[in-house]
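Notes for the one structure printed next.
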Amino acid sequence: MTAQPSIKYYRVYFGIITVVGLCLLIGVTANLWTYFNTGADRATALNLPPNLPESHVPSVEWLPDDEPIGRKMEDFTRQEIVKDYIRGWYQQHLSYMTGETKGLKEYFTPSALPKMQNPIKELTNKGFELHQTDLEHHIELHFYSADGQIVSFTDRQVRLKKRLYQKETHQKIYSTEVVTDYEVVMLLDDGYWRIKNLVRKQPTPFAQDTLQADKSKMVQVKGKRFYVANKPFVPKGVNYYPQKTPWTSFWSKFNAQVISKDFALVQSLGFNTVRVFVNFHDFNKGNVPGEQVEKLRQLLDMAQKHQLKVIVTLFDFLGDYRLLNFSATDRQLETLLITFRTHPAIMAWDVKNEPDLDYKYHDTADVQEWLQWVLKRARSYDPNHLLTIGWAYPENAEMLSKDLDFVSFHSYKSPEELARGIDGLQKKVNTKPVVLEEFGLSTYRGIWAPFGKNEEDQAIYFAQVREVLRQKGDIPSVVWALYDFVDVPAEVVGKMPWNRYPQKNFGVLNTAGKPKKGLTVLVK
C-alpha cells in the first residue's frame, strides 16, 4: 500500500503554489501597469485586435438574410462580425502598404493566412507598394451555424479605391476604383471572428434606395442662369460667420439666437444668399454626431425663414487626401447630404473651399482624384441640389467643371486682374454659370499696416468689382464677409499681428455692427 501524503505536506505544497502564483500575478500586473502607463496600446499588451482608427469608417449595410439561414442571428453577433471583418480589411490595407504581413494572423485563420500573405509578399518583392481602402460593404447572410461558431455571407458591391506606387521612387503607377463581390466564411475563434475564406467574384447588382424631391423651391440651372420656381434668381450673397465666433469656434459655440438675428439682418440689408462652412473636424470626421446635424438643420431652417439661400461649403480644414481617409470623408458626406437632400434653403453644396491651395502640400493628382470622387458620391447621395467647388484662383476653376453645376472662384486681386481672370475662365467654360464666390478688401490701417486701406477705398473697390462683373455678363457674387471680427483664430492666418489684424476687417459691417460705406454699393 502506497503511503498517503500528510496534511502538513498538502499545506506546505499549496502554500508554495500560492506564493508563486501571487508573485507571478504581481509581476504580470506590475508589467502591465508599467506598459499601459508608458502610453502603450492595451490591445497589443493583451494580444487583442486593435480598434479601428476614426478615419476608417466604411459604409456597412446588412441586406435581407437568406431563408432559412439556420440559427437566427443576434444583433450583437452582427455587430461583432462586422467589427472583426472590417478590422481584417483594414489590416490588409496596412499590410499591402508596408509589406509587413504578421498582423494578418489576428484576422485570418491559419488555413486562410497564406492566401492573404502570398500576394502581398509577391507585390513587395517586385518593388511595388499598394495603397487601398474599402468604402462600401453590403452583406447578405447565407448561413449561421447552430452552435454560433460559423457564418457565411456574400459581401456585395464592395467598393475599393487603389493606388499602386513604385516603392523606391514612390512614383504613382496607376489609380483606380474597383467594385466586386466576395464570398466570405468566418469562424468564431478565441472570442473573435476570423476570416476563413475570402473569394472574389463578379459583382451582382441589388436594389438601392432613391428619393425623388420636389425641386420647385430649389435653385436650378438653365443655361448660364439660376432659377427658383422657374423665375430668374440672381445670387447676391455674403460669406457668413458670427462676429464673435468665426472659423473654428463657429460650431463649438453655436448660438441659434445669434444666427437668427444675423440672418434677419442679412435679409434686411438686401442680400439673398449666405455662404457657410462645415468644419470637417468639428463634425467629427466620419462619425458625425446627431447634435452637429441638428445645428446645421437649425441654420438651414433659419435661412428658409428669412428667405435666404445657402451655399454650404463642406470639408473645411480638411487636408488629408490619402486613401485611408476616403471613408471618413464619405461618411460625413453621406450623413449630411442624405439628411438634407430635400431641404429647400440649400442653393448648393460647395464640396471644398480653395482646394488648389492644397497643391503646395499634396500631390495635385491626389487632390483632383479626391474631388472628382467626392463629386460623384455627392451626386448619388443628393441628386436634387447643385454642386460646385470654391477655387482660390480663376485660372484653376476650369478643372472638373464638367462635373459641376456652376463654376466658382475667389479673387482678392485688383479689378483689372479680376477681369483678366474672368476672361480666361470664360474662354474655357462658356456653357455654365460662373460665380465670384469670395472677394473683398480689408479696411485695416494701423501699426501693423500703416499703408492699409480704409472704408473709402473699400467702397471704390466694390464699385469697380461690380462694374467688372456687369461687363462680363452680370456674374453673381458673394462678398467676404458680413462682419469685422473681434478676433481671428491663430490657426487660420497664424499668430503674426500683421496677418491677423487685416483679416479682422473685411466686413461690410464694423465691429459695432454699423454699415461701412461700401455696403450701399453692393446692395443698390
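Coordinate-derived values only; no laboratory data. Predicted model, so just to flag it, every value in this text is computed and none were measured. So basically every Cβ, Gly included, is an ideal-geometry build from the backbone, and we count neighbours across all protein chains shown.
In whole angstrom, how long is each semi-axis of the equivalent ellipsoid of segment 116-244, when you take the square root of 5 times every eigenvalue of its Cα gyration tensor and sort them from largest down?
So the three semi-axes of segment 116-244 are 44, 27, 16 Å.
Once you put a point 7 Å from the Cα of residue 363 and another 7 Å from the Cα of residue 253, both along the Cβ direction, what distance in nm separates them?
Distance between the two pseudo-spin positions: 4.0 nm.
Can you figure out the FRET efficiency of residue 402 with residue 100, using R₀ = 60 Å and their beta-carbon distance, to the nearest 0.05? Before the final figure, lay out each step's value.
Numbers: r = 41 Å, r/R0 = 0.68.
My answer for the efficiency is 0.90.
May I have the pair-distance distribution P(r) for the chain, computed from all Cα-Cα distances with 10 Å bins from 0 and rounded to whole percent?
Once binned at 10 Å, the Cα pair distances of the chain give 3, 15, 22, 21, 15, 12, 6, 3, 1, 1, 0, 0.
Tilt of helix 290-305 relative to the longest C-alpha principal axis of the chain, in degrees (0 to 90, nearest 10)?
It is inclined by approximately 20 degrees.
Taking the Cβ-Cβ separation of residue 117 and residue 190 as r and a Förster radius of 25 Å, what is the calculated FRET efficiency to the nearest 0.05? Each step should come with its number before you reach the end.
Numbers: r = 20 Å, r/R0 = 0.80.
E(calc), rounded to 0.05, equals 0.80.
To test your reading of the geometry: what angle, between 0 and 90 degrees and rounded to tens, separates the Cα axis of helix 415-428 from the longest principal axis of the chain?
60 degrees
Does a label point 7 Å from the Cα of residue 471, set along Cα-to-beta-carbon, have any residues of segment 371-410 with amide nitrogen under 20 Å, and which are they?
394-395, 409-410
Return, for the Cα atoms of segment 477-524, the radius of gyration and Dmax in Å, separated by a comma.
Values for segment 477-524 (Cα only, Rg and Dmax): 11.9, 37 Å.
By a straight-distance test (C-alpha under 16 Å), which aspartates and glutamates pair with residue 253 as possible cross-link partners, with residues fewer than eight away in the same chain excluded?
262, 282, 291, 294, 487
Just tell me which lysines come within less than 18 Å, Cα to Cα, of residue 105; anything on the same chain fewer than 8 places away is out.
Those lysines meeting the cut-off are 83, 115, 121, 196.
Suppose every Lys and Arg Cβ carries +1 and every Asp and Glu Cβ carries -1, with no other charges. What dipole size does segment 441-481 come out with about its Cα centre, to the nearest 20 debye?
Roughly 100 debye for segment 441-481.
Pulled fully out, how much extra length does the chain show between residue 372 and residue 520, if you take 0.36 nm times their separation in residues and subtract their Cα-Cα distance? Kindly include the intermediate steps, with their values, before the conclusion.
Values: separation 148, 0.36 × 148 = 53.28 nm, distance 3.91 nm.
Length difference between fully extended and current span is 49.4 nm.
Are there trypsin sites (Lys or Arg not before Pro) in segment 92-136 that DSSP marks as loop and that have at most 12 other Cβ atoms within 10 Å, and which are they?
Sparse-neighbourhood loop trypsin sites (Lys or Arg not before Pro): 126.
Please compute the length gained on full extension between residue 61 and residue 236, using 0.36 nm multiplied by the number of residues separating them and subtracting their Cα-Cα distance. Don't skip to the end; give the middle numbers.
On the way: separation 175, 0.36 × 175 = 63.00 nm, distance 4.19 nm.
The span from residue 61 to residue 236 would gain 58.8 nm if fully extended.
Per-residue ellipticity at 222 nm for the chain, helices alone: DSSP H runs ≥ 4 residues times -39500 (n - 2.57), over residue total, nearest 500 deg cm²/dmol?
On the way: 13 runs with 180 residues, N = 524.
About -11000 deg cm²/dmol.
Give a quick list of chymotrypsin sites (Phe, Trp or Tyr not before Pro) in segment 324-405 that DSSP marks as loop, anything other than H, G, I, E or B, with at most 14 other Cβ atoms within 10 Å. Numbers along the way, then the final one.
Details: sites: 326, 340, 349, 359, 361, 370, 373, 381, 391; in loops: 340, 361.
Taking segment 324-405 and a limit of 14 other Cβ atoms within 10 Å, the loop chymotrypsin sites (Phe, Trp or Tyr not before Pro) found are 361.
May I ask you to list the lysines whose Cα is less than 17 Å away from that of residue 495, ignoring any residue fewer than eight positions away on the same chain?
Within the straight-line limit of under 17 Å, residue 495 reaches these lysines: 504.
Need one word for segment 219-523: rounded, prolate or oblate. Basis is the Cα gyration tensor (sqrt eigenvalues a ≥ b ≥ c); a/c below 1.5 gives rounded, then a/b vs b/c decides.
Rounded is the answer for segment 219-523, as its axis ratio a/c remains below 1.5.
What relative contact order, as a whole-number percentage, does the chain give when Cα pairs under 8 Å and 6 or more residues apart are counted?
11 percent
Taking Cα atoms, how many degrees apart are the long axis of helix 364-381 and the longest axis of the chain, rounded to 10 and kept between 0 and 90?
Helix 364-381 sits at roughly 90 degrees to that axis.
Place the peptides 300-307, 446-453 in order of packing, highest mean first, counting for every residue the other Cβ atoms within 10 Å and averaging per peptide.
In decreasing order of mean packing, 300-307, 446-453 become 300-307, 446-453.
Share of antiparallel DSSP beta bridges in the chain, in percent to the nearest 5? Can you show the working numbers first?
Numbers: 47 of 81 bridges.
Restricted to the chain, the bridges split so that about 60 percent are antiparallel.
For residue 416, put the label point 7 Å out on the Cα→Cβ axis and report which residues of segment 471-505 keep their amide N under 20 Å from it.
471-472
Gain in length, residue 76 to residue 490, computed as 0.36 nm per residue apart minus the alpha-carbon separation, to one decimal in nm?
144.5 nm
Report ³J(HN,Hα) in whole Hz for each residue of segment 307-324, in order, from the Karplus equation J = 6.51 cos²θ - 1.76 cosθ + 1.60 where θ = phi - 60°; Gly and Pro get x.
6, 10, 8, 10, 8, 9, 8, 8, 6, 5, 6, 7, x, 10, 10, 5, 4, 5
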